[in-house]
Each structure stands twice: as structure tokens, then as C-alpha cells.
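Novice: The structure follows.
The values are calculated or read from the model by the stated rules, or taken from the named source; none is laboratory data. Model, not experiment: these values are computed from the prediction. Please note: Cβ atoms are built from the backbone with ideal geometry, for glycine as well, and neighbour counts cover all protein chains shown. In case anyone asks, the SASA skips ligands and DNA or RNA and just uses the protein heavy atoms, side chains included. Shrake-Rupley method; radii C 1.70, N 1.55, O 1.52, S 1.80 Å.
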Amino acid sequence: MLITLEGIDGSGKTTVWEVLREEFPEFVFTREPTETWYGEGVERSMGDDDADSLAELFLFTADHANHLSETIRPALAEGEVVISDRYSDSRYAYQAVSIEDHVKRPLEYIRGVHQPWTRPPDATLYFDVDPETGAARSGATNKFEQAAFLSQVQSNYERLFDAEPERFVRIDASRSPEEVLDSAVNAVERLLEDRDE
Ligand code: TMP
């Protein structure tokens, strides 16, 4: 079973991922961008305000391809539960904004690039916070962490949510960290119960 955590910058999902790791030590925990040289390429591109946005999409996508073959598919083949902090939806939500001047219908384009070879998540916890709070919490340290940009990213997440409501669990991330953590742990427990039924 593959569970992913998604949300705009500053939604608190990485803190949740760390707590889930303590709560469920038997699961495989992973993230995108990964800690490989592909992921380093992504980090370099994100640190460059003038990076070509299409090139950046394909760096993220290359990192995902390697993540699938090196980590995700082997773990799932072993019957593990995998929890990934960000996954393909991050590309559909973020890069669909960053490449919109280059490609018509960018979200559909990026989904199309992934569709033949990716492995969709079984469930996605979506940490929902408004873009102003997200930008303020994240400290606006990279080019994506601006409220106007995050507002467009959020609209894309909502489109993904509307297209597949059964895959997503929406978690109100504007609440206190304790409440958000409790909701996330409960959501994972429910997903496991549903799987075992
Ligand atoms: P983080 O906030 O989870 O550390 O993610 C790092 C940044 O990378 C964040 O601003 C979102 C961005 N990102 C994308 O734009 N596309 C992607 O596919 C992924 C995985 C991350």
C-alpha cells in the first residue's frame, strides 16, 4: 500500500511525516525530492530563480522515475506499507503552474507524461492550508513559497481532489500541530483498517 502526503509549502506535512515515522516504525518512509544525485539536481534547479521551468519539470520527473525503481516498487513488491512525503501530485500541482506559459493544459500534459509508467498512490493525505498561512509558515525561502504562486498550486490540488475524491483524505492543516497530527495518525489507522477488511 502506497500512501502519499501532499499540500502546499507550509502545510506542516513534513512534521506529520516525521511523527508518522515514530508511530509506525514498521513502514517504509521516503520522500520527493529524494536524497540521490537526481534529487540534488532538483535542489540545484529549485535554488536557481532563472532555471528553465520545463527542464525543471523533467528533473523532478527523472527523480520520480528513479524513486519508483529504486525504492517504491521494490518495497511494494515486498508487501510493505510505504509513506512518501510528496509524490506525483506535487508535479501535477506545482509544475502545472510553473510551465503554464510553455504548454497548453499543463496539468493534463504532466499527467500524460507520468501516466504510462508511474504507480499511482492508493491514498493521499492532503494537508489543506490557505496560501497566505503556507507562505508565512514556510518563510518564503524558495521561489515557490510565495502566496500568489501557492494559491495557483492550491487550485490545482483542488482539481486533483475533485477528479478522484475517493483517493484523498483532506486534513485541515490550519489547526494546531497536535490536532493536525492526531487527524493524520487517525487517517492512516483508518486506511489500514479499510485495507484489512
Ligand atoms: P518540501 O516542501 O516537501 O520540502 O518540497 C520541496 C519543494 O519542492 C516545495 O516547494 C515543492 C517543490 N516540489 C515541486 O515543485 N514539484 C515536485 O514534484 C516536488 C516533489 C516538489
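Novice: So what's the net charge close to Arg105: Lys and Arg +1, Asp and Glu -1, counting the other residues with Cβ under 15 Å from its Cβ?
Specialist: My count for the surroundings of Arg105 gives +1.
Novice: Inverting the mean 1/r over all pairs of different Cα atoms, compute the Kirkwood radius of the chain and quote it in Å.
Specialist: Every distinct Cα pair counted, the radius reaches 17.0 Å.
Novice: Shifting gears a bit: Apply the Karplus parameterisation 6.51 cos²θ - 1.76 cosθ + 1.60, with θ equal to phi minus 60°, to every residue of the range 160-173 and state each ³J(HN,Hα) to the nearest whole Hz, in sequence, with x for glycine and proline.
Specialist: Going residue by residue, I get 5, 4, 5, 6, 9, x, 6, 7, 9, 10, 7, 10, 6, 8 Hz, with x marking Gly and Pro.
Novice: Ordering Asp128, Asp196, Asp52 from largest to smallest accessible area (1.4 angstrom probe), what's the sequence?
Specialist: Solvent-accessible surface, decreasing: Asp196, Asp52, Asp128.
Novice: Please work out how much accessible surface Asp49 shows to a 1.4 Å probe, ignoring ligands, DNA and RNA, in Å² rounded to 10.
Specialist: 120 Å²
Novice: A further question follows. Charges only on Cβ, +1 for Lys and Arg, -1 for Asp and Glu: so what's the dipole of the chain about the Cα centre, in debye to the nearest 20?
Specialist: Using Cβ point charges on Lys, Arg, Asp and Glu, the chain gives about 540 debye.
Novice: Got a sec? What order do His64, His102 fall in by accessible area at 1.4 Å, biggest, i.e. largest, first?
Specialist: His102, His64
Novice: Under a 1.4 Å probe, what is the accessible area of the chain per residue, stated in Å²?
Specialist: Here the per-residue accessible area is 48 Å².
Novice: Using Cα pairs under 8 angstrom and six or more residues apart, how large is the relative contact order of the range 6-95, in percent?
Specialist: So the answer I get is 42 percent.
Novice: Does the range 117-197 come out rounded, prolate or oblate, given a ≥ b ≥ c as the square roots of the eigenvalues of its C-alpha gyration tensor, rounded meaning a/c under 1.5 and, failing that, prolate meaning a/b above b/c?
Specialist: Because a/c hits 1.5 or more and a/b fails to exceed b/c, the range 117-197 counts as oblate.
Novice: In whole angstrom, note down how far apart the Cα centers of the range 159-197 and the range 22-77 are.
Specialist: 23 Å
Novice: Hey, any idea what % of the chain's accessible area is carbon plus sulfur with a 1.4 Å probe?
Specialist: 48 percent
Novice: Could you give each residue of the range 189-197 its phi-based ³J(HN,Hα) in whole Hz, using Karplus coefficients 6.51, -1.76, 1.60 with θ = phi - 60°, and x for Gly or Pro?
Specialist: Going residue by residue, I get 4, 5, 4, 5, 4, 4, 5, 7, 6 Hz, with x marking Gly and Pro.
Novice: Can you compute the FRET efficiency between Glu197 and Gln152 using 1/(1 + (r/R0)^6), with r the Cβ-Cβ distance and R0 = 35 Å? Round to the nearest 0.05.
Specialist: 0.35
Novice: With a cut-off of 8 Å between alpha carbons and a minimum separation of six or more residues, what is the relative contact order of the chain in percent?
Specialist: 32 percent
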